[in-house]
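In what follows, a structure is listed as structure tokens, so that the remarks can point back to it.
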């Protein structure tokens, strides 16, 4: 079955890069997603990567996908206090219908 | 403001109470969702509606009862809940149910069962 895992916490200093990691078990993933949840808010889609890609860059965000190791990461360059949030990865698998499987979320804390 | 509004924002209820959560979307979307977010657990899809028809059958206890009277409104009726049902309940909507990843989320209702 599908399982998506993330570490629960990450703390970085303002201006540093943040790397949030995610591992998944289903090799038939088609799309992998990153969402951001700010305090008191719902989830917001940040970016996504198709499973046949290795990397995708979007301004300060870089997504890396290692399909062999089933490992996905989100790098945030020049992390700001406004980046403090919970970050969820999610996968959509072939034959899974329209269902998304989410990870537990990683709480990113940006310190001054 | 995402265009998806949930009320109430916070709810405390006893195990014998009956209450309802409300969700409203002003985006013209055809699909609406209920998710359960518990601490340290993956986000869990509870129910999916497309054009007021329920389209997914997930294993959700019958003490949770959804209702979708029209494509803009979604309710979650709660009765005889357990303390482990305490969580953040998120509503979302998307253009159609084949695109759940592009959903817009509400701010959630923080439910505490005492």
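The set of residues in segment B:1-32 being under 12 Å from residue B:108 (Cα atoms) and within 13 Å of the chain's Cα centre (by Cα) consists of B:4, B:5, B:6, B:7, B:8, B:9, B:21, B:22, B:23, B:24. When the residues of segment A:1-34 are filtered to those that are under 26 Å from residue B:91 (Cα atoms) and touching a helix residue (DSSP H, G or I) at 6+ places or on another chain (Cβ under 9 Å), the one that is surrounded by the most Cβ atoms within 10 Å (Cβ to Cβ) is A:33.
So, in segment B:1-29, how many residues would count as being in a loop (DSSP other than H, G, I, E, B) and surrounded by fewer than 17 Cβ atoms within 10 Å (Cβ to Cβ)? Steps first, answer last, please.
Pass one, segment B:1-29, residues in a loop (DSSP other than H, G, I, E, B): B:1-3, B:8-9, B:14-17, B:26-29.
Going one step further and asking which of them are surrounded by fewer than 17 Cβ atoms within 10 Å (Cβ to Cβ), we end up with B:1, B:3, B:8-9, B:14-17, B:26-28.
Summing the residues that are in a loop (DSSP other than H, G, I, E, B) and surrounded by fewer than 17 Cβ atoms within 10 Å (Cβ to Cβ) in segment B:1-29 gives 11.
So is residue B:78 at pLDDT 95 or above and farther than 21 Å from residue A:101 by Cβ or not? Spell out the reasoning first.
Details: at pLDDT 95 or above: yes; farther than 21 Å from residue A:101 by Cβ: yes.
It is true that residue B:78 is at pLDDT 95 or above and farther than 21 Å from residue A:101 by Cβ.
Would you confirm, using the coordinates I've provided, whether residue B:73 is modelled with pLDDT of 95 or more, under 10 Å from the mean Cα position of the chain (by Cα) and more than 25 Å from residue A:104 (Cα to Cα)?
no
So which strands (runs of 3 or more DSSP E) are wholly in segment B:35-114 and hold at least 2 residues that are touching a residue at least 12 places away in the same chain (Cβ under 8 Å), within 14 Å of chain A (Cβ to nearest Cβ) and within 18 Å of residue A:38 (Cα to Cα)? Quick ask: steps written out before the conclusion?
On the way: elements: B:44-50, B:64-70, B:73-79, B:87-94, B:109-113.
The strands (runs of 3 or more DSSP E) meeting that bar are B:87-94, B:109-113.
Where in segment A:14-112 are there strands (runs of 3 or more DSSP E), lying fully within it, with 2 or more residues that are in contact (Cβ under 8 Å) with a residue 24 or more places away in the chain and closer than 23 Å to residue B:47 by Cα? Answer list for segment A:14-112: A:29-37, A:85-93, A:100-102.
The values are calculated or read from the model by the stated rules, or taken from the named source; none is laboratory data. From a predicted model like this one, the values you see are computed outputs, not experimental measurements. Heads up, the Cβs are rebuilt from the backbone with ideal geometry, glycines too, and the neighbour counts pull from every protein chain shown.
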